[in-house]
Amino acid sequence: MSKHIKDRVRLAIIGAGGISAAHANGILVHRDKLECVALCDVSEENLKARSAQLGGVAAQFRDWKKMFADFSDRIDAVDICLPHHLHAAAILDAAAAGKHILCEKPMCISLAEADRIAAAIRKAGVTYMSAHNQLFMPVVQETKRLIETEAVGRVRWLRSQDCFMLGSALKDQWRAKAKLQGGGELIDTGYHPTYRLLHLAGAEVVGVRATMGRYVHEIEGEDSASVQVLFTNGVIGEILTSWVYDNPHGTHQIHVIGEKGQIFGSGSELCLLPRGFSEPAKRIMPSVDTFAEELKHFADCLLHGKRPIHSVEEGRAVLEIILKASENARGWEKYAPKKAG
Ligand SMILES: NC(=O)c1ccc[n+]([C@@H]2O[C@H](COP(=O)([O-])OP(=O)(O)OC[C@H]3O[C@@H](n4cnc5c(N)ncnc54)[C@H](O)[C@@H]3O)[C@@H](O)[C@H]2O)c1
């Protein structure tokens, strides 16, 4: 059973690779609330790099089961930054050890795993937070506030997109294998616009339609996806996401159309265009480190007994959209200019 945490959360990072550097930075920024007490990775090089970044972490493990067996008393929570296929196993072991959990996206790669995770978290009574860092973008937060205060009336249409040219070769990475990645680009970068869409729509999903393509990357999954989602409140949502082209010129990361006007924006710029006006009111939002904000939110939830903004339920709902999109898009590979890597 989890214990109440009084002052600082003692955190173990599991998976000390690429993105854990941003998490480690968040821990350092919020050192009044968080402390990294252990690292776990199979790579000596990554253990060394993360330990150096954090100013020296003496407790280093190659196997998280051994960490939970030998070091459990010293850890309150884990921060999981592993390849996708390992998320479920690490979450289940952490829950069994009574640890609170922050896990990088996606929560896991199948709905059966998601249901096992939900049951394990309930049984252990621990807090689970889905690491959906882009919910901490001021543009997303302000858009949500504008929707809730009915600045554009009832919402009818929503778009959430994230397209860019990914320079790095994925061929020999875990991301190239559908079984390890759990799919292709949509469950990776495309996961961000998907949870943003779900958050802004504020309703359950009725249906998902999608199509996909693979143009450049030598991977088994798609490198681009276009998805349509119908929500129970009648909102139609669209996701466009790609590793092989930029956002279409003139479009926005987020776009909301309601009965009284539109909200749209990208990066730190947010616009409100009431119906009948030709020029939008433009605002520049502050730029924030979304990873540091995410780590702070996790710590605050543990210190004050709050539910994280996105937990198991949202982690499952986002995954369900992505899996349904992949299912609905089946057959796209036949027309993909680039064959599977
Ligand atoms: N939020 C974001 O913007 C963002 C960006 C990049 C990655 N991510 C997510 O972060 C996670 C990790 O991605 P990454 O890019 O850091 O990958 P990565 O490959 O750079 O890092 C994964 C780490 O896990 C380690 N590892 C592999 N198997 C292990 C095992 N059995 N036990 C312990 N350690 C093991 C690897 O050695 C590596 O250090 C993924 O879920 C990914 O989707 C999120």
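The values are calculated or read from the model by the stated rules, or taken from the named source; none is laboratory data. Remember, predicted model here, so these are calculated numbers, not experimental data. No Cβ is skipped: glycine too gets one built from the backbone with ideal geometry, and neighbour counts run over all protein chains shown.
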Response to the item:
With the first residue restricted to region 289-314 and required to be part of a loop (DSSP other than H, G, I, E, B), and the second required to be of a type in the set (S, T, N, Q), Cβ contacts under 8 Å at 6 or more apart or on different chains are D289/N25; R307/T127; P308/T127; P308/S130; H310/S130; S311/T127; S311/S130
Discussion item. Can you pull out every residue in region 25-60 that is in contact (Cβ under 8 Å) with a residue 60 or more places away in the chain and in a loop (DSSP other than H, G, I, E, B)?
Written reply: H30, K33
Practice prompt. Would you check which residues across region 237-251 are in a loop (DSSP other than H, G, I, E, B) and closer than 30 Å to K171 by Cα and list them?
Written response: W243, Y245, D246, N247, P248, H249
Fill in: Criterion (of a type in the set (V, I, T) and under 25 Å from K306 (Cα atoms)) met by exactly one of V9, V42
V9
Discussion item. Among the residues of region 61-76, are any within 26 Å of A176 (Cα to Cα) and more than 9 Å from the ligand (Cβ to nearest atom)?
Written reply: no
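When region 61-79 is examined, which residues are found to be part of a strand (DSSP E or B) and within 14 Å of R10 (Cα to Cα)? Spell out how you get there, then give the answer.
Taking region 61-79 and keeping what is part of a strand (DSSP E or B), we get 61, 77-79.
Within region 61-79, A77, V78, D79 meet the criteria.
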Worksheet item: Given the conditions (1) within 14 Å of the ligand (Cβ to nearest atom); (2) surrounded by 18 or more Cβ atoms within 10 Å (Cβ to Cβ), which single one is not true for F164?
Response: (2)
Discussion item. Looking at region 202-211, can you tell me whether even one residue there is farther than 21 Å from E327 by Cα and surrounded by fewer than 17 Cβ atoms within 10 Å (Cβ to Cβ)?
Written reply: yes
Item to complete: Could you check, for region 17-24, whether at least one of its residues is over 17 Å from the mean Cα position of the chain (by Cα) and either part of a helix (DSSP H, G or I) or crowded, with 19+ Cβ neighbours inside 10 Å (or both)?
Response: no
Worksheet, complete the sentence: Quick count over region 1-58, residues being more than 11 Å from the ligand (Cβ to nearest atom), hydroxyl-bearing (S, T, Y) and either within 21 Å of V288 (Cβ to Cβ) or touching a Ser or Thr at 6+ places or on another chain (Cβ under 9 Å) (or both), is 1
Practice prompt. Go through region 212-226 residue by residue and tally those that are away from the ligand (no atom under 16 Å from the Cβ) and either closer than 11 Å to I239 by Cα or among the aromatic types (F, W, Y) (or both).
Written response: 3
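Assess whether D188 counts as being among the acidic types (D, E), over 17 Å from the mean Cα position of the chain (by Cα) and more than 21 Å from G153 (Cα to Cα). I'd like the intermediate steps shown before the answer.
Details: among the acidic types (D, E): yes; over 17 Å from the mean Cα position of the chain (by Cα): no; more than 21 Å from G153 (Cα to Cα): yes.
No, not satisfied.
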Discussion item. So if I check each of R159, R175, which one is within 25 Å of S242 (Cα to Cα), within 11 Å of the ligand (Cβ to nearest atom), surrounded by 16 or more Cβ atoms within 10 Å (Cβ to Cβ) and assigned by TED's automatic domain parsing to the domain that holds I257?
Written reply: R175
